[in-house]
1. Just to check I understand the Karplus step: with θ = phi - 60° and J = 6.51 cos²θ - 1.76 cosθ + 1.60, what whole-Hz values come out for the range 206-219, glycine and proline as x?
2. Ignoring ligands, DNA and RNA, what percent of the accessible area of the chain is carbon or sulfur (1.4 Å)?
3. Could you grab the relative contact order for the range 106-202? Cα pairs under 8 Å, six or more apart, rounded to a whole percent.
4. Under 8 Å for C-alpha pairs, at least 6 residues apart: give me the relative contact order for the range 1-133, rounded to a whole percent.
5. List the lysines whose Cα sits under 24 Å from the Cα of Lys206, skipping any in the same chain fewer than 8 residues away.
6. Can you bin the range 12-55 into rounded, prolate or oblate? Criterion: square roots of the alpha carbon gyration tensor eigenvalues sorted a ≥ b ≥ c, rounded for a/c under 1.5, prolate for a/b above b/c, oblate for the rest.
7. For Leu297, what charge total do you get from the other residues with a beta carbon under 9 Å from its beta carbon, if Lys and Arg give +1 and Asp and Glu give -1?
8. Using a ≥ b ≥ c from the Cα gyration tensor of the range 306-347 (square roots of the eigenvalues), is it rounded, prolate or oblate, where a/c under 1.5 gives rounded and otherwise the larger of a/b and b/c decides, a/b for prolate?
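The values are calculated or read from the model by the stated rules, or taken from the named source; none is laboratory data. Since the model is a prediction, treat every value here as computed from it, not as a measurement. With ideal geometry, Cβ positions are generated from the backbone for all residues, glycine too; neighbour counts draw on all protein chains shown. For the accessible areas, the whole protein counts, side chains as well, though only heavy atoms, and no ligand, DNA or RNA atoms are used. Shrake-Rupley method; radii C 1.70, N 1.55, O 1.52, S 1.80 Å.
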Amino acid sequence: MQVAASQSFRRVLSSMCTEPHPAARDAAERFLASNPGDPTTYPTVSALEDEAVSLLGEITGLSDPHGYVASGGTEANIQAVRAARNLAGTDDPNVVAPESAHFSFQKAADVLGVELRLGAVDDDRRADPDAMTKLVDDDTVLVVGIAGTTEYGRVDPIPTLSEIAHDADALFHVDAAWGGFVLPFTDHEWNFEHAVVDTMGIDPHKMGQAAIPAGGFLAREKLVLDALAVETPYLESTSQATLTGTRSGAGVASAWAAMDTLWADGYREQYRRSRANAEWIADAFDSRGYDVVDPVLPLVATDVPRETVETLQDRGWRVSPTGSGELRIVCMPHVTRSMLEEFVADLDAVRR
C-alpha cells in the first residue's frame, strides 16, 4: 500500500498546532522508541524530561517546577482536576471554570465523576469574577482560569481568580495550553510569578513548535504529583504520576529540543511576527466591513457568513468557526503574510 503524503500546512489557518521546528522534528525521530514511563530503563529520555520541565518552569515563572511532558492540554486539565479531587476532603466535589474553558474540562468531569460549573464571561469574553464567585461553595475543589482561550485568545484575570480559589480552600489551575508560549512577551499577568497558581497546562506542541504529542503539566508543590501517583510494582521505578503509562520519548525530546533552541529570543521573534500577522488580517477584515473581535493574542475572530466560510473551505482553506459562528484565524508560526494575502484574495473573489 502506498503511504499517503503528509498534511500540508499551506492553507491551514484555524489550527492550534503547527509544523515542528527542524530541531524538534529531528529529536522526535531519534527518541521515538524510548519510553519515559519507564525512567530507569530509559534514563536518557528521563533526563531530557527533567530538563524540559525545568525549561517550562522558566517560561512560566516557577523556579522549582514539578511535572512532566504530557500528551497535551486535555491530559493536563484532567490531571489538574484529578489532583484537586484526590487532595480534597469532600465526597461531592465540583470544579468552577468560565464558559470559555476548553471542552476537555467536560471530559475531565465525566471521567472523574466531578461536577463542572461554568461561569459567565464578561463583555470582553474573559471570566467574570463575580459570576465565578457565586458558583464556588464548600465542595469546590478547583477553580480554573484560562490564559489564552481557544476561541478568542482572551486572558482571564488570573490573580483575582487565584484569590477566589484560595479563599474557598480550593486549588487554582491555569490552562495556558496555547497562550503559554506567547504570553511571556506581553504585559499580561498569567503565570506562577503573578499569582498563587497551583497547577498549569502549557503545550510545547502548539506555539512552542514541538512535534505532537508534547504537552506540559506543571505543579507548584510536589504534593500535587504525589496525589496523582500510583505504585508500579513491575517497574524499577516505584511509582508513576502520569495519566498514561507507556509514552513515546518523541514528545519529550521534541519539547526539549524546541525550547532549548527557541527560548527565549526565537519565541519572542515569532510572537512579534504572529502578532503583526494577526493585526494585518484583522485590519483586512475590518476594511471589508466585517465586525472583528479585537485580537489580544495572535488570534482573530470575525463575522464572515457561514456560506462564505464553506466556499473558502471548498477552495482548500482549512478554517473553522467559533462556537458563536465567527470565522477564526489562528496566526501560528507556519502562517505567513503571503498565506494571509492569498486567503484575502480568495475571500474577495468569493464575495463578488
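1. Once rounded to whole Hz, the list reads 9, 5, x, 6, 8, 6, 6, x, 8, x, x, 10, 10, 9.
2. 46 percent
3. 23 percent
4. Details: 105 pairs, mean separation 17.9, N = 133.
Averaging sequence separation for qualifying contacts and normalising by length gives 13 percent for the range 1-133.
5. In chain and number order, the partners are Lys107.
6. Prolate, because a/c is 1.5 or more and a/b exceeds b/c.
7. Working: positive: Arg154, Arg275; negative: none.
Net local charge, Leu297 excluded: +2.
8. Oblate.
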